[in-house]
Each structure stands twice: as structure tokens, then as C-alpha cells.
1. What ranking, highest mean first, results for peptides 115-125, 23-33, 540-550 when packing means the other Cβ atoms within 10 Å averaged over each residue?
2. For the stretch 339-496, what does the alpha-carbon gyration tensor say about shape, rounded, prolate or oblate, given a ≥ b ≥ c as the root eigenvalues, a/c under 1.5 as rounded, and a/b over b/c as prolate?
3. Taking square-rooted eigenvalues a ≥ b ≥ c of the alpha carbon gyration tensor, is the stretch 651-749 rounded, prolate or oblate, where a/c under 1.5 means rounded and, failing that, a/b exceeding b/c means prolate?
4. Can you tell me the relative contact order of the stretch 51-105? Whole percent, Cα pairs under 8 Å, sequence separation 6 or more.
5. Pairs of Cα atoms under 8 Å, at least six residues apart: use those to get the relative contact order of the stretch 339-496, whole percent.
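Values quoted throughout were computed directly from the atomic coordinates according to the rules given, and no laboratory measurement underlies them. Remember, predicted model here, so these are calculated numbers, not experimental data. Cβ: placed from backbone, ideal geometry, glycine included. Neighbour counts: every protein chain shown.
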């Protein structure tokens, strides 16, 4: 069953008062029509009833408008001002009643109504410019000056026109003529303002808008009729005033219709002020030519001054808006376009059907520069990068900074060059421009860049939104960073599975705070005795959907997105906690933890490690920190300082994957290391390659001469273990002994290998 149609009236509207007001207004208007048709009819009755009836009707309107103001919060400012305007008429009519009683003032009893029509202007004009204020900011709610200037301009023009045509109105007393002209000007400006609501306020579908337009049209019709009659009151007020009351009363009780938000445009007010100035200036010129200096001149001068002030304010607002708009689309540090401007440019080109390439650039070692030299140096580097990239742009291209160390280039594509080929050329040009070192503070800084490029044909059917293109460029950029190629062009087939890496990064952030990262431990055994002398802690991600993920699936993401510091702290905390728990059970077993490049650039890391050891009462000798040679090359001086501080704590420093990096002998001399871990590539070929055997044998001999312990990784068979034993290798680690085990399984493994007693590391 269909529901009852919703009433157009607001819930709780005083229907009885509305009905009585409408009936009274209609009846009074019909009474006025009868008097207009038959001028001598009801003359005595009209003289005694006109003002009292209008007092009642205006009072009823005042009550309805005030009720609306209390009922609807969003438009309270509008209806409060309309109610104040109605109150002005009520007061004026009461004054008329008093003046009409006194013989001395009976002749001027009608003037309060005329001046009330002028005095109501600031209230009703203020209401109109505030209407729909919750949906649009086009109108200035305090712009009474603009409206007043418009009224004065209309009065000035009317004075000149009436004088020129010799209107009978010019024979009226000066003050009465100006009052009537001002009343007409007020009605004219109010009607014009009301007519802007459908467009400026987007209220064309709101019935209340047209009721207000009709109300002010009726008011203007009444004053126009007075003009036509030469200033004589011919009874039109008895018809038009009830129409005004009825329309406003009904509008006060109707439901509002919400409209769409409108953009701010101070230009609308500027045009209005300019029109007033032009009209007033022409009036002044005409008055000067004719030699008539009077009300027209003064009104035109005041209108010009008022509109001029408003125009100056509007120009200042427009200038401020232009600055604000520019700031909203500009990166503060570099002066380039920001993310919003880049996306807007892509959207514009896509809408025009223009082929384009979007390149995303990321400085690979920017964090290291910031950490090593300070944020001021990092800012200098970003500005230098911006300057270099601007030099290779072509007309129509846009360079922007998306934030941090990410830049974007929107490049127009040549129609006569294949799209992919042109896009690769753009990426290569940008990449090569940043290949040369930057000089900051007297130091030459090499800042490699990874460039991801995607393309758009400009065909609307492709459905490539700007945000989608940005994601594609980001995926390609990450691929360039991960592969080390420096440049990568997005390929929907090859990169289809890579588009989810950003989601994986966010999931990793959650994983680090919700205990999804777990440690698996791989035992390390003394080659001679077979005793367990340590374990290496290897991080795994117990993903709630994808299952167990290995380091290769998420550590590169953590490094690229600056999460390694937090991730390492999680791993260190778990490793130290579990080592302390084993120690409490009588197993003083050293635990090894890997450190990344970003960890070795963190000067606060040693202090946090020391605090962690103290909190868990774990001797520093039971913590082994593994670093690779390639990691040390990121910033050798700073890395050496951090490694030295860690060694000073008493922790063991181990060189992981020894033999795969560069300058190995130099680091053995300079670093405070206690352990070398032979890379699994050497142990795998130990039995089959004589050169590998010679390298392993000489490395073990060199390490022992330096007082270092040697750990062989990747031991998977007895033959390799036996040969390592013959070469005097110290420790073996690999699948021959055990795969990496969860913490709960490690205890069982240690118990099962009880004959090979678990002992503390000799180092």
C-alpha cells in the first residue's frame, strides 16, 4: 500500500495561523480590487479598516517568520532578518494609527509606510544574500554596502529621468519625492537580488524562491503604479501589500529543498559594483552637463563612493583568492606544482583527448642524505633536483612534487612517435638528468633516482582516471627501484600483480603493531663437537589471508617505504625477549639478528639496543648483529660509527654473506667485527670447485689470524660438513642440521639434540 504523500509544509507549522493569514490577505486584496474598480465604493469603511487590517496581517506574518527562524537552524539568519523587516512595517503601521488620530499630523500619516519601505532594506537585503548560505559561499552576507550603493544609483537615475521627461512627480515636495523614489529603488534592488537566487544560490527548484520573487514583484508593481499616477495613491497598495504578506507567509511554512554546493565567485559582486559605478558616473556626468545639482548628484556621488569602496574590497578579495589558489596548487618548498595540480593537469589532458605520459620519480637515497647531513641539506637537494628536471621539460609539460622525495612529470606525447617509445624517452631523459652528482655543503652527493612511467592514449573509452595513472606510475617506479634498472614502463600484463603492493605496505604497518611478525630460528652448531652454539632469528609474516610470507615478500617493501627501522625494532624486541626466556631456563644461547642499510644510518639505534638489553636482563654477548658488506657501503663513515657503538655495548658484530661484497679486507681491518659468515654460494661449490675451496681455506686462515670466528651458511650434506671440519671452520648452519624453526619448535629440537650439549658461544 502506498504511503501518504509528504506534505510540503514543515512539520509543526502553525497551519491555522497560516490559513487565517492567507484568507485575510486574499480578502483584503479583493476588497482593494473592488475599490480600484469602483473608486467611490466603501470609501468610509476603507478609511477606518485599512491600517488596522494591515497591522493584523503584518503581525501574523511576523509571527510566522519568527516561528520559521526558531524552527530551522540552518536558515535562521535569513528568517530572522525577514521577521525584523515585518516588524518594521508593524511599527510603522502603529505610528500611522497614532498620527491619523491627531488632527495636526493627519496629513502626514501615510509617510511612515513610505519610509518603512526604505528602512526595511538592510534587513530584507541581508536575508536574501544569506539565503542558501549553508550550500553556497557566493554571496557576501555582510555586503549591505553594495546593495545600498545600488539603491542610491537607482534613485539618482530616476531623479534625472523624471526631470528630463517632466514627470508630475517632480511637483511633489522634495522629501516626499525622494522617499517614493527610494521605496521604488528598494523594491527594484530586492527583486533583482531575489532573482539571483535560482542561479547563484542554485535554488531554482525551491518553491519558496519563487514566492519571494512574486512578493517583491508585487511590491515593485505597487510603487510603479504610484509613479504612473504621478505620485497619487490610487489603491494599488491595498492589493500589492496583501500579496507580499501572503507570499512571504506561505514561504515561511514550506519545506526547504536542499541544493548542490556552489563554488565561490567574488567576481559576481565585483561586476555588480562596477555596474553601479558606471550608472552613477553617467548620472553625474549628465547632471554636470545640464547644470542640475540636487538629489540626483548627491545620490550618484554616494553610490559611486559606496560601490567604489566595495569594488576595492572585491579586487583585494580576488587578488587574495588568486594567491590562495596558487598556493593550493603549489609545493611550498620547490615552487613546483603539487599533487592536486598534477592530478588536475592529467584530468584536463584526458578530457581533451591528449596523449600523455606520467612519470613518477623517487630519489633512492634521500633518507640517507637527510639523516647524514640534516633536513636543510635534504631541502637543498630537492630544490636542486627540481631545477635540473625543469631544464629538460618541453613546452606543455608539467613538473610537480608529490611530497617527500617524489616528483612527477606530466609530458605531452608526439603524435608521430609510438606512445611507449616516446614514454621511455621521457623516462630516460629525466633519469639521465639526475645522474651527475649534486654539490651540497662542499660535498658531492650521488642521488640515484628510480623512474616509473605510464601512458594514456587520451581516449575516453580507456577509462583511465588520474588517480589510476598515478597508481600505475607508482607500480612502475617500485619495479624500477626493486630491479635496479632505474627506469620502468608500466605494463598491464607484467605489473598486474604488482598493483597491490601499496595495499601490502599498509597491511605490513598493521602487522608490525598486531603481532603478525614472528621469528623462526635456525640453529648454529660447533663443527667439532656438534654442540648448538647459537641461533639465527629470521623474520616471517604470518599473514591472516596469504599465510606465511618469507622476507623476500615484504622486506624490500619495508626498505623502500621507510619501515625498516620499526620492523627491526619489532624483530630485535622478539629476539631479545625469547633469548632472555631461554636464559631463564638455563640455555645461554646467542641469537643473531640482521640489520639493514637504514638501521646502520640510525645513530639512535645503539641506545635503543642497550635499553632493550637492560630491560630484559640479557648479557650483550648473547646478541649477535649481522651486517652485510654492501649495506656498509651506503654511508661508510656513519655506518662505522653505528657499528662501533654497537660493539662498545658488548654485542657481537658479524659480517654476513662474506665474500659477495666489495672491499672485504678493508672492512676486516676497520670494523670491530668478531665473526665472518661465509655466503652459501661458497659452501655449495666447496666440493666441486677447486678455486672455491682455495678461497674458503684462505678466508678461514685469515679470519683465525685476526681472531674471528667463521660460520659457514647453507651446509646441506655431510660431505661439505666434513670438508669444512678439515679446513678448521668453526660453526655450521644449514638444512643439514635444521630448517628455520618457530620458537615453540626450537625447544623441542634442542631437547632432541641433548646429547650434543647446548653450550654458550665462545665469542
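1. 115-125, 23-33, 540-550
2. prolate
3. oblate
4. The normalised contact order for the stretch 51-105 reaches 41 percent.
5. Relative contact order comes out at 32 percent.
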